[in-house]
Amino acid sequence: MLSWLTKYSETKSALGDYLGASEALLHLHAGLLIFFLSSLLFRRRMRSVEPIGLVYTFAIGNELIDVLTPNYVANAFGALFDILNTVAWPTLLFLLARRRLLRG
C-alpha cells in the first residue's frame, strides 16, 4: 500500500512539474474538473449535492493520502489550505446554482 501512496504522490508532483503549475493551482483546477465532470457524468445539476459532495470527498481523501504517504511533512495549515483551494470555486458555483432554490 505504501508504494501506491508514494506513486500517487510522485505522479501529482510530476504533473505539476510538467504543467509548470503550483500545487495550489492544481488543487483549484482539480476541484473544478471534478465538479463539472461529476455533474455531466452523473447527469446531475450543479445545484445537486452529489457533485459538490464528490469534490469534498476527493479533497479530504487527497489530503488523507498525503498524510499517509511516507516522508510527508505534517502541516495542518497546508492541508487545510489545499482543501480550501480544492473546494472554494465549486462551492461558490454550487451556492450560486442553489440561489433560486433558496429564494423559493
> Residue-wise, which Karplus ³J(HN,Hα) couplings in Hz belong to the stretch 25-32, taking 6.51 cos²θ - 1.76 cosθ + 1.60, θ = phi - 60°, and x for glycine or proline?
Replying inline: 5, 4, 4, 4, 5, 4, x, 5
> For Arg47, which sequence-distant residues (separation of 5 or more, or a different chain) have an amide H within less than 5 Å of its own amide H, given hydrogens modelled in the peptide plane?
Replying inline: none
> Could you give me the ³J(HN,Hα) list for the stretch 45-60, computed from phi with Karplus coefficients 6.51, -1.76, 1.60 and θ = phi - 60°, whole Hz, x at Gly and Pro?
Replying inline: 6, 5, 7, 6, 6, 4, x, 5, x, 5, 4, 5, 4, 5, 4, 5
> Roughly speaking, what is the stretch gain from Leu95 to Arg45, that is 0.36 nm per residue apart minus the C-alpha to C-alpha distance, in nm to one decimal?
Replying inline: 16.8 nm
> Rounded to the nearest 500 deg cm²/dmol, what is the calculated helix-only ellipticity per residue at 222 nm for the chain, with -39500 (n - 2.57) per DSSP H run of length n ≥ 4?
Replying inline: -28500 deg cm²/dmol
> Å³ per residue of the Cα convex hull, for the chain?
Replying inline: 107
>> Per 0.36 nm of contour for each residue apart, how much would the distance between Ser13 and Ala74 grow if the chain were fully extended, relative to their Cα-Cα spacing?
In response: 20.2 nm
> How many nm is it between the label spots at Thr6 and Leu32, if each spot is 7 Å from the Cα in line with the beta carbon?
Replying inline: 3.5
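Read the figures in this text as sums done on the coordinates, not as results from a lab. Keep in mind that this is a model prediction, so the values were computed, not measured. Using ideal geometry, Cβ is built from the backbone for each residue, glycine included, and neighbour counts are taken over all protein chains shown.
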